[in-house]
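Visitor: The structure's right below; bear with me while I get my questions together.
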Amino acid sequence: MDETVSSSTAQRRVSRHHEREFFTAIQRGRDLAADLDKAVLKLHQRFPHSILILEDQTGWPVRTFGNDEEVKRTGDEWKRVPLLFNNHQFGCIRYMGAVGKLSNMDVIEIVLSLIEIEHWAEVESERRGEKVQRLLSEGVTESVTRLLSLCGLVESCGYILVAMELSTKADKFLHMDELRKFMLARLWRYESTMDFIAFRQGGLIGIFPGELEDRKKWEETVEDCIVQWNHYQERQSSPLAMEVHACVSFVESLHQLDNGIRRIDATLQLADKWNLSGLIRPRFSRTLTTDMLCNLADRQILEMVEGTLGALRAAENEELLQTLRIYLLFNQNAAQTARALYIHRNTLLYRIKNIEEILGLNLRNTAQLSAVWFALEGLEFLESSGLGKNLNGKDAQRQ
């Protein structure tokens, strides 16, 4: 008997293995969420007239039992019981009403359930991060699409991409786990089924089903998360100001997902280079731009870039080129751009005037501005993808 196994048979076995692994992981998450619900409900049943809020160690309200209006109250009326295990605090029970004194034994079941479900979510996010890397490496192939689906990415007519990472260069990788845990809680919200959230180098990315109209809501959510992160650091009395930069984007289909992630990466790389923090809006909100660039040869993109940016790409004008990038990144807001570049507003306006003279364009003209946007996008497309060896137009790789 031939003991060799055909490649198709092997692939089916691997596929079945991934499916079993996925469904086991998803069911595990649901079971852990149910266990946590039971543990908190059990405590609340002992004190049915009290309001109980379970908070994790980042201050996120994991579960709430009580009157909705009363829950919104703030002040000294709230009392807290720390959730301790092995001399480490994993959160607290915030309560209002007659509860009496709670011992560690009263909350140990909640503590253990909280630890388990947090560990599950972090491991699952690491696994999904591996799938994102494979997506960027192989593209949107059938096997990659299958893996993403098995990891919780549902089919949708569009996706909102939300990426966040530390902008503190010296301590990015030392403290990225803290940022990941903090933002994971706010994007996942301890629900029984976790959306596609993946850990990446320096931070994390979430891929959520949605439409272009949802982007504004997600931008507001991200900005609120960053505010919460800053307050969290203040409460922790952190000696380091660990700033965050983030980006929200939209792709129209699964087939555009890899290019959408690359575009976010390029935006955050630029923000990292210029020490920008907060929500960074990508210059192009439409995926059409990237799609068009993907269908052009390197030489065509280079010709378009040279024809628009021209002398601005000369070595002596590098400062002006970077100024233009930041200026457009901040939607031509002079005050924000000047702060980001650590220069006076008048200095910025002088540079903008020089840029317009070199380009022979008026940046207040919509058509001319669009041409500059597209050229900058083409330039960064080549720089980030590594497709063009020589950005001066000699030796383009794709013909």
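Just so you know, all these numbers are worked out from the coordinates, no wet-lab data involved. Note that the structure is predicted; figures quoted are calculated from it, not measured. Don't worry about glycine lacking a Cβ; one is built from the backbone with ideal geometry, like all the others, and counts go over all protein chains shown.
Visitor: Hey, if you put +1 on the Cβ of every Lys and Arg and -1 on every Asp and Glu Cβ in the stretch 296-385, which of THR323, ASN346, ILE358 ends up farthest toward the positive end of that dipole?
Guide: It is ASN346, whose Cα lies furthest towards the positive end.
Visitor: With charges set only on the Cβ (+1 for Lys and Arg, -1 for Asp and Glu), what does the dipole of the stretch 296-385 come to about its Cα centre, in debye to the nearest 20? Numbers along the way, then the final one.
Guide: On the way: 8 positive and 11 negative charges, 98 e Å.
Dipole of the stretch 296-385, to the nearest 20 debye: 460 debye.
Visitor: Let me ask something additional. Taking the Cβ of each residue in GLU316, GLU116, GLU234 as the centre, tally the other Cβ atoms inside 10 Å and list the residues starting with the fewest. Present the calculation step by step, with values, prior to reporting the outcome.
Guide: Details: GLU316 7, GLU116 15, GLU234 10.
Ordered from fewest to most neighbouring Cβ atoms within 10 Å, GLU316, GLU116, GLU234 come out as GLU316, GLU234, GLU116.
Visitor: Further, regarding this structure: For the residues ARG63, ARG127, what sequence is obtained by ranking on other C-beta atoms within 10 Å, fewest first? Don't jump to the answer; show the numbers that get you there.
Guide: Details: ARG63 19, ARG127 16.
With the fewest neighbours first, ARG63, ARG127 line up as ARG127, ARG63.
Visitor: Beyond a 27 Å Cα-Cα separation, which of these cross-linked pairs lie in this structure: LYS79/LYS172; LYS79/LYS216; LYS79/LYS181; LYS38/LYS217; LYS38/LYS181; LYS38/LYS131?
Guide: Values: LYS79/LYS172 35 Å; LYS79/LYS216 37 Å; LYS79/LYS181 25 Å; LYS38/LYS217 32 Å; LYS38/LYS181 23 Å; LYS38/LYS131 33 Å.
Beyond 27 Å between Cα atoms: LYS79/LYS172; LYS79/LYS216; LYS38/LYS217; LYS38/LYS131.
Visitor: Moving to a separate point now. Which aspartates and glutamates, on any chain, are close to LYS353 with Cα under 19 Å apart, when same-chain ones fewer than 8 places away are left out?
Guide: Candidates past the 8-residue exclusion: GLU316, GLU318, GLU319.
Visitor: Obtain the nm distance between the two label points defined at CYS157 and ARG30 by a simple spin-label model: each point lies 7 Å from its Cα along the Cα-to-C-beta direction.
Guide: Label at CYS157, label at ARG30, 2.8 nm between them.
Visitor: Convex hull over the alpha-carbon atoms of the stretch 103-151: what's its volume per residue in Å³? Could the numbers behind the result be given before it?
Guide: Working: hull volume 2.5 nm³, N = 49.
It comes to 52 Å³ per residue, whole-number rounded.
Visitor: So how strong a dipole does the stretch 153-286 carry about its Cα centre when Lys and Arg Cβ are +1 and Asp and Glu Cβ are -1, to the nearest 20 debye?
Guide: Working: 17 positive and 20 negative charges, 68 e Å.
Here the stretch 153-286 has a charge dipole of around 320 debye.
Visitor: Given +1 on the Cβ of Lys and Arg, -1 on the Cβ of Asp and Glu, and no further charges, what dipole in debye does the stretch 107-231 carry about its Cα centre, rounded to the nearest 20? List each step's numbers first, then the result.
Guide: Values: 15 positive and 23 negative charges, 67 e Å.
Magnitude of the dipole: close to 320 debye.
Visitor: Which one of ASN333, PHE374, LEU309 is farthest out on the positive end of the charge dipole of the stretch 296-385, using unit charges on Cβ (Lys, Arg +1; Asp, Glu -1) and the Cα centre as origin?
Guide: Comparing the listed Cα positions along the dipole, ASN333 ranks first.
Visitor: Ok, one more. Over the stretch 296-385, consider all pairs of different Cα atoms and compute the Kirkwood hydrodynamic radius from their mean reciprocal separation; express it in Å, one decimal.
Guide: Numbers: mean 1/r = 0.0745 Å⁻¹.
Taking every pair of different Cα atoms in the stretch 296-385, averaging 1/r and inverting gives 13.4 Å.
Visitor: What is the order of SER113, SER143, SER149, fewest Cβ neighbours within 10 Å to most? Please report the intermediate quantities before stating the final value.
Guide: On the way: SER113 21, SER143 13, SER149 16.
With the sparsest Cβ surroundings first, the list reads SER143, SER149, SER113.
Visitor: Given a Förster radius of 45 Å and the C-beta distance between THR64 and ARG345 as r, what FRET efficiency does 1/(1 + (r/R0)^6) yield to the nearest 0.05?
Guide: Numbers: r = 47 Å, r/R0 = 1.04.
Efficiency at R0 = 45 Å is approximately 0.45.
Visitor: Can you work out the FRET efficiency for the pair GLU77 and SER253, with r the C-beta to C-beta distance and R0 = 56 Å, to the nearest 0.05?
Guide: Numbers: r = 50 Å, r/R0 = 0.90.
Computed FRET efficiency for GLU77 and SER253 comes out at 0.65.
Visitor: May I pose another question? Among PRO209, VAL154, VAL227, whose Cα projects farthest towards the positive end of the dipole of the stretch 153-286, with charges put on the beta-carbon of Lys, Arg (+1) and Asp, Glu (-1)?
Guide: Value computed over the given set: VAL227.
Visitor: Still on this model: Taking the Cα-to-Cβ direction at GLU130 and at PHE85 and moving 7 Å from each Cα, how far apart do the two end points lie in nm?
Guide: It is 2.4 nm.
Visitor: Given 0.36 nm per residue, what is the gain on full extension from ARG186 to ARG146 after removing their alpha carbon distance, in nm?
Guide: Working: separation 40, 0.36 × 40 = 14.40 nm, distance 2.70 nm.
Extra length from ARG186 to ARG146 when fully extended: 11.7 nm.
Visitor: Using 1/(1 + (r/R0)^6) with R0 = 35 angstrom and r between the beta carbons of GLN322 and LYS216, what's the FRET efficiency to the nearest 0.05?
Guide: The formula returns an efficiency of 0.80 here.
Visitor: Next question, about the same structure. State, to one decimal in nm², a quarter of the convex hull surface area for the C-alpha atoms of the stretch 153-286, i.e. the direction-averaged projected area.
Guide: 7.9
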